[in-house]
Each structure stands twice: as C-alpha cells, then as structure tokens.
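A.B. asks: My questions all concern the structure below.
Derivation of every value follows stated rules applied to the coordinates shown; laboratory data play no part. Not measured: the values here are computed from a predicted model. So basically every Cβ, Gly included, is an ideal-geometry build from the backbone, and we count neighbours across all protein chains shown.
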Amino acid sequence: MIGGGTGRGRWAEWIAGSNDVTGHFLKAASQPGFVSLAGGLPAAELYPVDAVAAASARALARWGGAALEYGPCEGFPALRSAIAERISRATGGTFHAEHVLLTTGAMQGLDLLGKALVDPGDLIVAQFPTYLGALDAWRPRMPRYERLSWDPDRANPDEQLRAAKFVYAVPNFSNPTGVLVPQHQRAALLERVVRSGSWLVEDDPYLVLQLDDPVGPGLLELDVAERGAGPYDGPVVYCGTLSKSIAPGLRIGWMVGEPELIRMLALAKQCSDLSSSMFTHAVALELLEARVEDAHIPAILSCYRERRDAMHDVLTAELGKWFSGERPSGGMFFWLEARRGAIDTDALYHRALREGVAFVPSSVFDPHGELRTGMRLNFTRNEPDVMAEGVRRLARAVRGYLSEET
Ligand SMILES: Cc1ncc(COP(=O)(O)O)c(C=O)c1O
C-alpha cells in the first residue's frame with residue numbers, strides 16, 4: 001500500500017493510484033533468456049547509429065558551443081522552424097515556429113497538456129482503451145475520464161465534449177489496440193469537437209509505420225482543409241515524435257497547435273525542465289536535413305511487415321483457441337481479447353512471467369483498471385523465432401491458468 005500514515009512515506013494522493021507494470025516488465029526483460037512482448041520498442045538493430053554519429057559531429061562543427069547551452073524553453077529555433085515546415089508540407093497548412101513546441105519525446109507533450117489544462121476532477125474524453133503513458137502522464141492531475149466513441153451513431157453528446165478539457169485520440173494504429181480509425185469517423189469526430197469548442201489532441205507516433213495501405217489525412221490535416229489558408233488557429237493539438245522513425249533515445253518530440261496554446265505549454269515546460277537538450281535538437285536538425293528518415297523508414301517497414309506476419313501466424317496457431325484479434329495494418333502491436341471473456345489477463349500476466357514471457361495486460365489501459373480480458377503484444381522488437389518462443393510460453397501459461405481455474 002502506497003501513502004497514508006505519518007512522517008516519511010506520506011506520498012501525494014495520486015501516487016497511490018499508479019501502477020508499476022512498466023517498471024516490472026522492463027526489469028523482467030533484462031533477465032537472460034526472458035522474452036518480452038510487452039514494450040513498445042523498435043528493432044534496436046536497425047537504429048541508424050552511423051548516421052547519428054555523423055549528424056552529431058556535423059552539429060558540433062556547425063553550432064559549436066551553442067549546441068551545448070541551455071536553450072529557449074520552446075526548443076532549438078532552427079529545429080522548431082524545420083518542424084513547422086514539415087507540418088506545413090504534410091498538411092497543406094500554414095505553420096510557423098510559434099505553432100511548435102519541441103518536447104522530450106511526445107510523452108512530455110502529453111504531460112504538459114495535463115499541466116496546462118487539467119485541474120483535479122476535470123474531464124478528459126479519451127479513446128478507449130487508452131495509451132498507458134497518457135494515463136500515467138495525467139494521473140498527477142487527477143482527472144475524470146469518459147470514453148471517446150468514434151462511431152457517429154453512438155457519438156459522445158455535445159455537452160460532454162463541451163465539458164471536456166480535451167479529447168484524446170490516436171487515430172493511426174492506436175496504442176494499445178493497433179486500430180486504424182476510418183476516414184469518415186475522423187471527419188465526424190473533428191466536426192463534433194470543433195462544434196464543442198474543446199481541444200482535440202491527435203497523438204500520432206505511429207504515422208510512419210504504415211505497413212499496408214496509406215492511411216489518409218489525420219485530424220490536423222482534415223481541419224486545415226476545412227479552415228483554408230492562413231496561420232493555423234484551430235482546436236487540433238498534434239503530437240509527433242522521431243522515436244519510431246529514427247530512434248527513441250533521441251527523445252525528440254513536438255506539439256503543434258495554435259500559438260496561444262503553445263505559449264501555455266511552454267510555460268508548463270519551463271516549470272518542468274527549463275529546456276530540452278539543445279545538443280539533441282541540433283543533431284535532429286542534421287538528421288532531418290540529411291533526410292535520414294527517407295533511407296531508414298523503408299528498411300524498418302520491410303522488417304516490421306515480416307515480423308507482423310510471422311507473429312500473426314504463430315498467434316493464430318498457438319493462442320487462436322482462446323483469444324481473438326485482428327492483424328494490424330501498421331504500428332507495433334497486436335491486441336488480443338479472450339474469447340467469451342474467459343481469461344483474466346491480470347492473473348495470466350503473473351503466470352506468464354514465471355514462464356519467461358511478458359505481455360501488457362489490458363487493465364493498465366483502462367483509467368478505471370476494469371478491463372481484464374485483453375492483452376497487448378509487441379511485434380517489432382524481437383526476431384520471429386524469439387517471438388514464436390514467447391508465444392509458445394504464453395500458450396503454456398494459458399494452459400496452466402485454465403487447468404487451475406477448472
Ligand atoms: C500513443 C503514444 N503516444 C506517445 C508515445 C511516446 O512517444 P515518445 O517516445 O515520443 O515519448 C508513445 C510511445 O510509444 C505512444 O505509443
């Protein structure tokens with residue numbers, strides 16, 4: 001039990017509601033021979049190490065000590081402008097540096113949104129199940145949650161959207177479900193949120209991981225098309241990152257939104273860390289100018305396609321009797337649900353760890369911790385034979401679980 005009592009150990013109220021699943025599986029994964037299908041991690045052998053080394057040398061030669069200073073809270077100015085140009089190109093809109101806040105990964109952007117917008121008890125309408133990192137980021141703010149419905153026939157009522165501090169959505173290959181939200185549902189949601197006057201947060205780390213067909217416009221691009229020319233002043237707050245297209249260790253993320261919101265988020269960032277690392281910003285600028293992603297992404301996609309298909313085959317063969325799920329068309333995850341709700345994945349998780357494999361149980365993606373029959377499995381990190389071994393271990397854990405239950 002965390003919290004309570006007197007003297008030391010009287011932690012803040014929100015900590016009592018936090019979970020240690022991430023730390024737990026990261027620790028388990030460091031044991032030799034353990035197979036982790038849990039983390040949302042890229043294939044580490046594909047990180048463009050030589051390109052990053054060369055970019056680091058160029059950044060220091062170009063900027064000298066300026067790359068080693070404290071910097072502006074909003075980020076290295078030249079990278080801010082480069083991201084503004086990238087977003088303008090991608091959406092057809094008009095974005096300037098003042099529309100961009102550079103963050104320590106997209107994760108910090110989520111944290112700052114909570115800081116800038118949410119007081120205890122405030123409402124967030126969030127895609128369900130919800131990205132664990134977002135729930136973690138907002139936990140200290142102690143919000144209330146309602147489920148976002150993408151289905152126009154069962155849309156969230158207007159007054160609920162109006163009451164929300166923001167709506168949180170991951171339309172491209174959601175974490176944890178891998179779902180790609182269809183275009184007509186995106187457009188319908190955008191229209192409703194615009195009408196409500198709330199913010200619409202589009203968290204988009206998996207945009208680059210399109211394994212099958214092109215995904216079509218995101219929420220920001222749809223809104224730009226509605227609004228037409230002129231500097232962007234709409235309700236969409238877009239979160240991007242280099243974590244999936246280059247490497248997560250760079251911790252380069254960005255928030256894009258109307259300038260007044262960006263100023264508020266920058267204030268919140270100032271309270272968190274003064275500024276991000278100017279050095280990694282200068283390195284990222286070199287990587288973008290050298291178009292490293294253009295060479296790197298095709299290699300990632302062909303590796304992930306093969307891994308996804310291998311994982312699909314082994315999941316169907318080993319777990320198909322007990323779990324159902326779709327083959328994702330991008331991103332990093334399979335999402336499985338127990339047939340007839342017959343398996344409690346929180347209980348299965350501990351048994352799986354004993355078998356030497358980890359997945360992420362569905363309860364951590366539910367703000368109320370009640371979703372107990374699903375699991376998220378990563379297909380990008382491990383070689384196909386390692387994943388297959390992990391899934392066989394998982395099947396053993398299921399058999400053990402079921403024999404004990406009956
Ligand atoms: C939906 C979602 N948002 C944000 C992030 C954080 O990404 P970053 O590495 O840029 O902090 C992740 C990471 O996996 C994610 O899945």
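A.B. asks: Need the list of lysines near Lys269 for cross-linking: C-alpha distance under 27 angstrom, and skip anything on the same chain fewer than eight residues off.
C.D. replies: Within reach: Lys115, Lys165, Lys244.
A.B. asks: Determine the relative contact order of region 50-293: mean sequence separation of Cα pairs under 8 Å and six or more apart, normalised by residue count, in whole percent.
C.D. replies: Once normalised by length, the contact order is 30 percent.
A.B. asks: What ranking of Asp313, Asp385, Asp223 emerges when the number of other C-beta atoms within 10 Å of each C-beta is taken as an exposure proxy, fewest first?
C.D. replies: The most exposed by this proxy come first: Asp385, Asp313, Asp223.
A.B. asks: Let me ask something else about it. Restrict the search to region 1-85; then list the chymotrypsin sites (Phe, Trp or Tyr not before Pro) that DSSP places in a loop and that have at most 11 other Cβ atoms within 10 Å of their Cβ.
C.D. replies: Answer in residue order: Tyr70.
A.B. asks: Distance between the C-alpha centers of region 30-107 and region 211-258? Whole Å please.
C.D. replies: Going from one Cα centre to the other spans 15 Å.
A.B. asks: So, one more: Helix 77-91 versus the longest principal axis of the chain: what angle, 0 to 90°, nearest 10, using Cα atoms?
C.D. replies: Its long axis makes an angle of about 70 degrees.
A.B. asks: Which length gain, in nm to one decimal place, applies between Asp313 and Ile297 when the Cα-Cα distance is subtracted from 0.36 nm times their residue separation?
C.D. replies: 3.3 nm
A.B. asks: While we're looking at this one, here's another question. Largest first, please: the extent of the C-alpha atoms of the chain along each principal axis, to the nearest Å.
C.D. replies: Answer, in whole Å and largest first: 63, 55, 52 Å.
A.B. asks: Also, I was wondering about something else. Filter the trypsin sites (Lys or Arg not before Pro) in region 349-406 down to the DSSP loop ones having no more than 15 other Cβ atoms within 10 Å, then list what survives.
C.D. replies: none
A.B. asks: Relative to the longest principal Cα axis of the chain, at what angle does helix 292-319 sit, 0 to 90 degrees, rounded to 10?
C.D. replies: 20
A.B. asks: Mind checking the angle between helix 345-355 and the chain's longest principal axis? C-alpha axes, 0 to 90 degrees, to the nearest 10.
C.D. replies: Relative to the chain, helix 345-355 is tipped by roughly 80 degrees.
A.B. asks: Show that you can apply the helix-only estimate: for the chain, add -39,500 (n - 2.57) for every DSSP H stretch of four or more residues, divide by all residues, and state [θ] at 222 nm to the nearest 500.
C.D. replies: -14000 deg cm²/dmol, from helical runs alone.
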